[in-house]
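**Q** Structure in structure tokens, see below.
Just so it is clear, none of the values below were taken in a lab; they were calculated from the coordinates. Just so we're clear, the structure is a prediction, and the values are computed from it rather than from any experiment. Every residue, glycine as well, gets a Cβ built from its backbone with ideal geometry; the counts of neighbours run over all protein chains shown.
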Amino acid sequence: MIALMIHGGAWDIPDDLVEAHRQGVARALAIGWEILSKGGSSIDAVEKSINAMEDDPTFDAGRGSFVNSIGEIELDASIMNGSTFRAGAIAAVQNIRYPISLARSIMENSEHILLVGTGAVRFGREHGILQCRDDDLLVGRELERWKELQGKENVSTKDAFRKKRPGDTVGAVALDENGLIVAGTSTGGTPNKYPGRVGDSPLIGCGTYADSTIGGVSCTGWGEAIIKVVLAKTVVDMMEHNGGDPVAAATQAIERLEEKVEGYGGVIVLNREGVPAVFFNTPRMARAYCTSAMASARIEV
Ligand code: GLY
């Protein structure tokens with residue numbers, strides 16, 4: 001059994017952006033599926049799928065990321081190997097072209113899990129990770145959004161999500177033929193965020209979690225709320241205790257997110273047998289998935 005799930009954010013994706021989201025998650029799925037179906041590893045599938053979305057300005061990850069309140073782009077990302085429990089993550093990092101690749105390098109080349117700011121950039125330089133200028137990540141749409149937000153009363157992150165502001169975080173979960181489950185997530189965070197703000201995406205257990213004996217999860221949505229309920233690990237814990245049902249776990253975890261902390265977002269889930277599930281409480285969520293048990297891939301926005 002092999003399986004791959006991709007997401008490209010959960011929010012009120014407007015009609016005119018649906019096709020770009022559909023194409024973006026479909027492209028990411030095709031890249032990762034090619035790797036898995038040739039016997040490649042879940043680590044490569046997750047990294048390369050997310051790289052494709054970090055390249056695609058449709059999404060809030062890599063190129064296309066939101067701009068913070070002082071006009072800078074700060075990136076968060078994480079990846080976790082569900083067989084070794086090794087993980088790598090970066091938070092509030094600037095000038096990295098492919099944030100998930102730096103997270104992977106930390107997982108594979110250091111004893112640490114989370115590096116932030118200039119220390120993460122330094123690690124990337126030492127390990128051949130591609131650096132870039134802010135301008136290489138900035139797109140006109142986000143510059144305009146940032147200009148529009150200046151001088152206005154800042155909308156709290158919670159209100160921003162209530163008002164269905166964009167949340168185009170990207171993520172992937174893969175199961176390869178060796179039974180390895182890997183999950184990864186990458187984001188530019190939230191629009192006009194305070195400098196140094198870190199969301200759920202780089203926090204293992206919050207935005208990302210994998211345990212090859214149970215399953216893997218990547219989250220998207222309002223990070224402050226997701227952190228409070230440790231959403232990704234909550235889904236995995238629920239699967240551990242419900243006989244491995246990913247649909248029930250995804251549904252109940254998002255219900256808990258809304259009931260306990262008025263949170264909004266979505267999750268993609270694979271259980272250890274590669275059974276997929278997705279659940280969200282936003283109007284739309286961009287996702288794509290395929291397993292060797294399915295006749296064809298599903299692309300949904
Ligand atoms: N879920 C992405 C963030 O809040 O940063």
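**Q** Among rounded, prolate and oblate, which fits the stretch 116-263 when a ≥ b ≥ c are the square roots of the eigenvalues of its C-alpha gyration tensor, a/c under 1.5 means rounded, and a/b larger than b/c means prolate?
**A** Judged from the Cα gyration tensor, the stretch 116-263 comes out oblate (a/c at least 1.5, b/c at or above a/b).
**Q** Can you put MET107, MET1 in order, fewest other beta carbons within 10 Å first?
**A** Details: MET107 22, MET1 14.
Ordered from fewest to most neighbouring Cβ atoms within 10 Å, MET107, MET1 come out as MET1, MET107.
**Q** Placing +1 at every Lys and Arg Cβ and -1 at every Asp and Glu Cβ, with all other atoms neutral, what dipole size does the chain have around its Cα centre, in debye to the nearest 20? The partial results should precede the final answer.
**A** Working: 30 positive and 40 negative charges, 50 e Å.
Result for the chain is approximately 240 debye, rounded to the nearest 20.
**Q** Using a 10 Å cut-off around each Cβ, can you sort TRP11, TRP146, TRP33 from fewest to most neighbouring Cβ atoms?
**A** Values: TRP11 27, TRP146 20, TRP33 24.
Arranged by neighbour count, lowest to highest, TRP11, TRP146, TRP33 become TRP146, TRP33, TRP11.
**Q** Shape call for the stretch 1-56 from the C-alpha gyration tensor, a ≥ b ≥ c root eigenvalues: rounded (a/c under 1.5), prolate (a/b greater than b/c) or oblate? Walk me through the numbers before you get to the answer.
**A** On the way: a/c = 2.62, a/b = 2.35, b/c = 1.12.
In terms of gyration-tensor shape, prolate.
**Q** Pairs on different chains or at least eight residues apart, Cα atoms closer than 22 Å: how many lysine pairs in the chain fit?
**A** Lysine pairs meeting both conditions in the chain amount to 21.
**Q** While we're on this one: Within a 10 angstrom radius of the beta carbon, how do ILE43, ILE100 rank from fewest other beta carbons to most?
**A** On the way: ILE43 20, ILE100 31.
Listing ILE43, ILE100 from fewest to most nearby Cβ atoms yields ILE43, ILE100.
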